[in-house]
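The values are calculated or read from the model by the stated rules, or taken from the named source; none is laboratory data. It should be emphasised that the depicted structure is a prediction, and the values quoted were computed from it without experimental measurement. Here Cβ is always computed from backbone atoms with ideal geometry, including for glycine, and neighbour counts include all displayed protein chains. Side chains are part of the model used for accessible areas, which takes the heavy atoms of the whole protein and leaves out ligands, DNA and RNA. Shrake-Rupley method; radii C 1.70, N 1.55, O 1.52, S 1.80 Å.
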Amino acid sequence: MVLSGNLVQIAFFWELTSLFSFLLIGYWHHRRDARRGARMALTITGAGGLALLAGMLMLGHIVGSYDLDAVLAAGDRIRAHELYTTMVVLVLLGALTKSAQFPSTSGCRAPWRRPRRCRPTCTRPPW
């Protein structure tokens, strides 16, 4: 999905999936349920994307660089930092909402009810 050596670029381009989900789910914008579902998906995935961005910004701050190679090499320094738990929770929350996992599954089911024809297979939820 996103190949980059920079944490900020990864978070930015990953956040674009929220916009594309909004556009895909709201394809039939004349239908009220499609508009409602699109707004719900944008809210849930957008909030998760902001959590992911905050976690990645914290990670880059802890390491002192947003370069992925530097972050991967600084594992011990990251785990020893006082903000480690907060950063991990934010990154996990962002990743789980983007992939429609718990705790965001209840809000993401309704948008996927219709339209069935335009759902790409890579974004179909398991239900």
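State yes or no: is Asp67 touching a residue at least 60 places away in the same chain (Cβ under 8 Å), under 16 Å from Ile10 (Cβ atoms) and surrounded by fewer than 18 Cβ atoms within 10 Å (Cβ to Cβ)? Even if it seems obvious, please write down each step before you answer.
Values: touching a residue at least 60 places away in the same chain (Cβ under 8 Å): yes; under 16 Å from Ile10 (Cβ atoms): yes; surrounded by fewer than 18 Cβ atoms within 10 Å (Cβ to Cβ): yes.
Here the answer is yes, as Asp67 does meet what is asked.
Here Gly55 qualifies as crowded, with 18+ Cβ neighbours inside 10 Å and modelled with pLDDT of 80 or more.
Yes or no, residue by residue, for (1) at pLDDT 80 or above; (2) touching a strand residue (DSSP E or B) at 6+ places or on another chain (Cβ under 7 Å); (3) loosely packed, with under 14 Cβ neighbours inside 10 Å:
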position	(1), (2), (3)
Thr86	yes, no, yes
Val91	yes, no, no
Lys98	no, no, no
Pro120	no, no, yes
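For the stretch 1-23, a residue qualifies if it is outside any helix (DSSP H, G or I) and open to solvent by 60 Å² or more (accessible area, probe 1.4 Å), and the qualifying residues are Met1, Leu3.
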